[in-house]
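Please read the structure below before turning to the comments.
The values are calculated or read from the model by the stated rules, or taken from the named source; none is laboratory data. Model, not experiment: these values are computed from the prediction. Backbone-built Cβ (ideal geometry, glycine too); neighbour counts: all protein chains shown. Note: areas computed on protein heavy atoms with side chains; ligands, DNA, RNA excluded. Shrake-Rupley method; radii C 1.70, N 1.55, O 1.52, S 1.80 Å.
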Amino acid sequence: MERISHWIGGKVVPGESGRTGPVFNPATGEQTHEVDFATADEVGQVVAAAAEAFPAWRATSLSKRSDVMFQIRELLEDRKAALAAAITAQHGKVLSDAMGEVQRGLENVEFACGIPNLLKGGFTEQASTGVDVYSIRQPLGVVAGITPFNFPAMVPLWMLTNAIACGNTFVLKPSEKDPGASLVLAELLRDAGVPDGVFNVVHGDKVAVDAILDDPTIQAVSFVGSTPIAKYIYEHGTKAGKRVQALGGAKNHMIVLPDADLDMAADAAVSAGYGSAGERCMAISAIVAVGGIADDLVEKIADRLPKVKVGPGTDPEAEMGPLVTREHRDKVAGYLESSAEQGATIVRDGREDSRYGGDGFFLGVSLIDHVTGEMDAYRDEIFGPVLSVVRVDTYDEALKMVNDNPYGNGVAIFTRDGGAVRQFQFDVNVGMVGVNVPIPVPVAYYSFGGWKSSLFGDNHMYGPEGIQFYTRGKVVTARWPDPATSAVDLGFPRTR
Ligand code: NAD
């Protein structure tokens, strides 16, 4: 069995803990690799490599760091297909979707290419007579990223590009379910001129995560994953004195108002509900049909479902691949069972797909109508190809449903009414809002983050808030010797 090992100080270092986890090809159900699980001591070695690399990297000029970012961009363009293939092999998403993931990651590199401009400080001349004041932002030191299975390249790129560009050194703890892409990235960064030790990868489970949270050298932790773990990371990390941004799970609603173009809404619902087999934190999970449009909308969505091609990610015809593990597939399928028991209508049952029950972890597209707020399918983040339709009478009911939901990652509203949209963006307690756009993932020069149980911490991820997160401010108040203005003054310093 091929092994996936740590990347420390610019090279692969096999783990010595004797603990490993299995990695599968979700399309075939075969175990293809085993991944090393680090001990706390091994995490310490990785952190030591990152700490050793920090002084020189932090002193490297902005123009050189920007140049390295441009090189990373070039290599990502050149190796896009190889990286996408590595994602598909262990995550299962179709190749076109994996290419999209790499592209969105690459946008973060492009943003970080502008690091000299992003780190520009402020300068006030003559704040007091002969005194100037200026602000600078400096890197934190060693920072860590802990990432989920569903974007094995993009989410690490959300974090590492800004972290490194700002002058920090980075320790990545990728998901143990699909860790392969992290090493493709590690080689690419090395080839782009990132010095050894500036980017490191440590594989593992809770043991490695806890060691990261406890390590006093690590200054900041970025996390993306499910809400219970995000909360744990935030509480544990901040208690240990670290800066933490922890992005959690989601339950994204798509409100369809009565005046919406229902064909456009149905296309969007299918694309955003089943893309990447629903394993996206910005996937649409619940359609909220307002007024008397639900029957028409459900019919239009159902009409489109037989055309969705389910198959292995390597099949160029396939639009939706398998789920990441057998356990996760079974858990998702369980919502079809519980929804029927709880009184919902199963319009399309993904368990009837011919691939379901085979060796691969497939589940076909599923549509559940007449879902209510009390049902498991509504209350839980399903994270699979299951779309629920909730019927409400008014905009106010739809808004209340979204605002009462504990998650607040993404939301979309479909309508032709500009006034309704304006009111909605004012009222809704969600961090990322789509107007006739079902998956409103902000471009790299804005920042990504939800509200409520979808994010713990102050800063959203990447973009300007990413730069804020990975640096700290310093303000210098300076006077240059001028004997003519020098005098003893024991009063509190004030401007003159
Ligand atoms: P997960 O929470 O199971 O795992 C995320 C990371 O935490 C992994 O690196 C994993 O090894 C680690 N981890 C798992 N259990 C742990 C424990 N008990 N203690 C310490 N660390 C632990 O999430 P996942 O299943 O990999 O990813 C899917 C989840 O991530 C979904 O809930 C999804 O909504 C969320 N997600 C959120 C965003 C966002 O931006 N808000 C983006 C992508 C995914």
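Over 31 Å apart at the Cα level, from the set K239/K331; K251/K307; K11/K177, are K239/K331.
Each part reduced to its alpha carbon centroid, the stretch 289-339 and the stretch 352-410 end up 10 Å apart. Along the charge dipole of the chain, Cβ charges K/R +1 and D/E -1, which of H203, T238, V443 sits furthest on the positive end? Towards the positive end, the residue furthest out is T238. Nonpolar atom fraction for the stretch 252-435, defined as the carbon and sulfur part of the 1.4 Å probe accessible area, stands at 45 percent. Remark: the chain carries 41 Å² of accessible area per residue (probe radius 1.4 Å; ligands, DNA and RNA excluded). Largest to smallest in accessible area, the residues V435, V201 fall in the order V435, V201 (1.4 Å probe, all protein chains included). By DSSP, the beta bridges lying fully in the stretch 1-64 are antiparallel in about 75 percent of cases. Each DSSP beta bridge with both residues in the stretch 252-435 is either parallel or antiparallel, and the antiparallel ones are about 10%.
Solvent-accessible surface (1.4 Å probe) assigned to E317 amounts to roughly 120 Å². Of the residues V131, A340, P116, the one whose Cα sits farthest toward the positive end of the charge dipole of the chain, with +1 on the Cβ of Lys and Arg and -1 on the Cβ of Asp and Glu, is V131.
Helix 262-274 versus the longest principal axis of the chain: what is the Cα-based angle in degrees, 0 to 90, to the nearest 10? For helix 262-274, the angle is close to 70 degrees. Note on the chain: antiparallel DSSP beta bridges, both residues inside, total approximately 40 percent of the bridges counted. With all protein chains in place and ligands, DNA and RNA left out, the 1.4 Å accessible area ranks D393, D210 as D393, D210, largest first. Only helices enter this figure: runs of n ≥ 4 DSSP H residues, each worth -39500 (n - 2.57), summed and divided by the residues of the chain, yield -12000 deg cm²/dmol at 222 nm to the nearest 500.
Histogrammed with a bin width of 5 Å, the alpha carbon distances of the stretch 269-342 distribute as 3, 13, 17, 25, 24, 11, 5, 2, 0 percent, first bin at zero.
Per-residue SASA remark: R280, around 40 Å² accessible (1.4 Å probe; ligands, DNA and RNA not included). Once the Cα atoms are used to define both axes, helix 62-78 deviates from the longest principal axis of the chain by about 30 degrees.
Based on alpha-carbon atoms, the Kirkwood radius and the radius of gyration of the stretch 252-435 give Rg/Rh equal to 0.96. Computed with every protein chain present, the accessible area of R379 is close to 140 Å² [probe 1.4 Å]. Taking all protein chains together and a 1.4 Å probe, the residues D349, D489, D359 rank D359, D489, D349 from largest to smallest accessible area. Working note: Cα atoms of the chain, range along each principal axis, descending, whole Å: 85, 59, 39.
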